[in-house]
Each structure stands twice: as C-alpha cells, then as structure tokens.
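A short write-up of the structure that comes next.
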Amino acid sequence: MNVESILRAKGRSVVTIKPDAHIEAAIALLRRHDIGAVIVSSDDLNIEGLLSERDIVHAFAGHGVAALTLAVSEIMTRRVVTCGPDDSVADLMSLMTDRRIRHLPVLRNGVLAGMVSIGDVVKNRLDEIEGEAVSMREFIAGA
C-alpha cells in the first residue's frame, strides 16, 4: 500500500489558508473542517508552511489571547515534511513516528496533491489487516 491508495479512499482535497490570515480565522477553519492542520499557501499549490493545533497551542502559551490576532505566517511551521504518492504506508508510519508529526502534505511534481494524517495511515493499516484476516478465514474455511 502507498500514499496514492490513501488519497483514492479519502479524497485529494486540501484545506489551505493564506499566510496573512489571522490565527482566529485559522482556528475557525480547523473547526469548520474538523481537521488538525491546514496548509499555508498563497496560491493553493505551493506550500509556504503548515499550521497545526500544536502551533496554535504554542502561540497561546507565548502570547495569551493576543495570539488570535497574529498572522498565520508568524507561528506556522516553515520546514514542512512532505511525502509523495508513491511512498509506502510503512514508510509514512516510520516517518510520522520518528519525527512526531501527524500531518503530511503530499506533493506530486513539487505541487500540493493531497494531505494525509496519522488517522488516515492508521485507518489504511487497519483496513489492510482486516482484509488479510478475511482472506485467511476464507482460505481456512475452504481447506
């Protein structure tokens, strides 16, 4: 299994926000879409950063309620770890665990092509295990 299989199942849409948007708008966007991170992009194709719930918590810890008026670009993660559609799910699991990240933008030819979360990766792996169990039961029943 690879990233492309996850994107086929969940879809390729990616929620983005402009770098000059306020954190208050980003929080509303995260809530509206029930997601934990948003891509920061001026053109919806190129990644300038990633804003996660973790970034927002750190902003509140440092700035208090004034964090709501900060620009997304002031607190976003700038060095974004990405993956490609051909990357294996096993590699993603290792990468996300080792780097302690929960969201990976997917790039195809350097352009934003999707987003996978740790939840997507776990769901894919559980579906795979369930499929193997069904196959094994059918094999045993047929033997």
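Among 104, 95, which is in contact with a Ser or Thr (Cβ under 9 Å, 6 or more places away or on another chain) and either more than 15 Å from residue 17 (Cβ to Cβ) or small (Gly, Ala, Ser) (or both)?
On the way: 95 fails: in contact with a Ser or Thr (Cβ under 9 Å, 6 or more places away or on another chain).
Of 104, 95, the one residue that is in contact with a Ser or Thr (Cβ under 9 Å, 6 or more places away or on another chain) and either more than 15 Å from residue 17 (Cβ to Cβ) or small (Gly, Ala, Ser) (or both) is 104.
One residue stands out among those in segment 18-52 that are among the β-branched types (Val, Ile, Thr) and buried (at least 18 other Cβ atoms within 10 Å of the Cβ): the one that is nearest to residue 111 (Cα to Cα), which is 47. Of all residues in segment 33-61, those satisfying the criterion of being over 15 Å from the mean Cα position of the chain (by Cα) and outside any loop (DSSP other than H, G, I, E, B) are 56, 57, 58, 59, 60, 61.
Per the conditions (1) exposed (fewer than 13 other Cβ atoms within 10 Å of the Cβ); (2) charged (D, E, K, R); (3) in contact with a helix residue (DSSP H, G or I) (Cβ under 7 Å, 6 or more places away or on another chain), the sole criterion not satisfied by residue 55 is (1).
When you scan segment 24-35, do you find a residue that is under 19 Å from residue 112 (Cα atoms) and among the charged types (D, E, K, R), even just one? Checked segment 24-35: no residue is under 19 Å from residue 112 (Cα atoms) and among the charged types (D, E, K, R). Please go through segment 8-32 and pick out each residue that is under 14 Å from the mean Cα position of the chain (by Cα), assigned to a helix (DSSP H, G or I) and at pLDDT below 95. Correct list: 10 only.
Answer yes if at least one residue in segment 111-127 is of a type in the set (D, E, K, R) and exposed (fewer than 15 other Cβ atoms within 10 Å of the Cβ), and no otherwise. Yes, some residue in segment 111-127 is of a type in the set (D, E, K, R) and exposed (fewer than 15 other Cβ atoms within 10 Å of the Cβ). Restricting attention to segment 21-69, the residues being touching a Pro at 6+ places or on another chain (Cβ under 8 Å) and free of Cβ contacts under 8 Å to residues at least 40 places away in the same chain number 4.
The values are calculated or read from the model by the stated rules, or taken from the named source; none is laboratory data. This one's a predicted model, so the numbers in the text were calculated from it and none came from an experiment. Every residue, glycine among them, receives a Cβ derived from its backbone with ideal geometry; neighbour counts consider all protein chains shown.
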